[in-house]
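These notes concern the structure reproduced below.
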């Protein structure tokens, strides 16, 4: 079986993730999801969780609210001896209702909305490979 170079996660942002007024979620929650995707990808590609070294780029492009569903992706775009450069994306695929009269409603946008993207570097141990 070929080793994967890309993973996709889907998650619902819970009410406990809301950090600001209006149930707005902070960007750190999206970065946490990027880290989870990186861990999954490194385990599958290298057999180790690796260590996250740094982000070289991070862009938050649209707000995320409690109740939204996100599709999180990670892809290895460069292999070094012990480093892996990863590209990340987060798309909003379901939007929670923002209307107090209908909090149980949600909508599926015609096109997923890119809410964040990033590039980061992870390191894997030579002895773990």
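The values are calculated or read from the model by the stated rules, or taken from the named source; none is laboratory data. Computed from a predicted structure; not experimentally measured. When we count neighbours, we look across all protein chains shown, and the Cβ atoms used for this are built from the backbone with ideal geometry, even at glycine.
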Those residues of the range 111-127 which are without any contact (Cβ under 8 Å) to a residue 60 or more places away in the chain and either in a strand (DSSP E or B) or out of contact with any strand residue (DSSP E or B) (no Cβ under 6 Å at 6 or more places or on another chain) (or both), in sequence order = 111, 113, 114, 126, 127
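Quick grid of which residues meet (1) part of a strand (DSSP E or B); (2) at pLDDT 95 or above; (3) within 18 Å of residue 113 (Cβ to Cβ):
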| position | (1), (2), (3) |
| --- | --- |
| 1 | no, no, no |
| 11 | yes, yes, yes |
| 22 | no, no, yes |
| 57 | yes, yes, no |
Can you spot a residue in the range 32-51 that is over 25 Å from residue 107 (Cα atoms), in a strand (DSSP E or B), touching a residue at least 60 places away in the same chain (Cβ under 8 Å) and touching a strand residue (DSSP E or B) at 6+ places or on another chain (Cβ under 9 Å)?
-> yes
Considering (1) in contact (Cβ under 8 Å) with a residue 60 or more places away in the chain; (2) within 24 Å of residue 16 (Cα to Cα); (3) assigned to a helix (DSSP H, G or I), say which one residue 70 fails and leave the rest.
-> (3)
Are there any pairs, at least 6 apart or on different chains, whose C-beta atoms fall under 6 Å, with the first in the range 8-27 and at negative phi and the second in a helix (DSSP H, G or I) and at pLDDT below 95, and if so, which?
-> 25/17
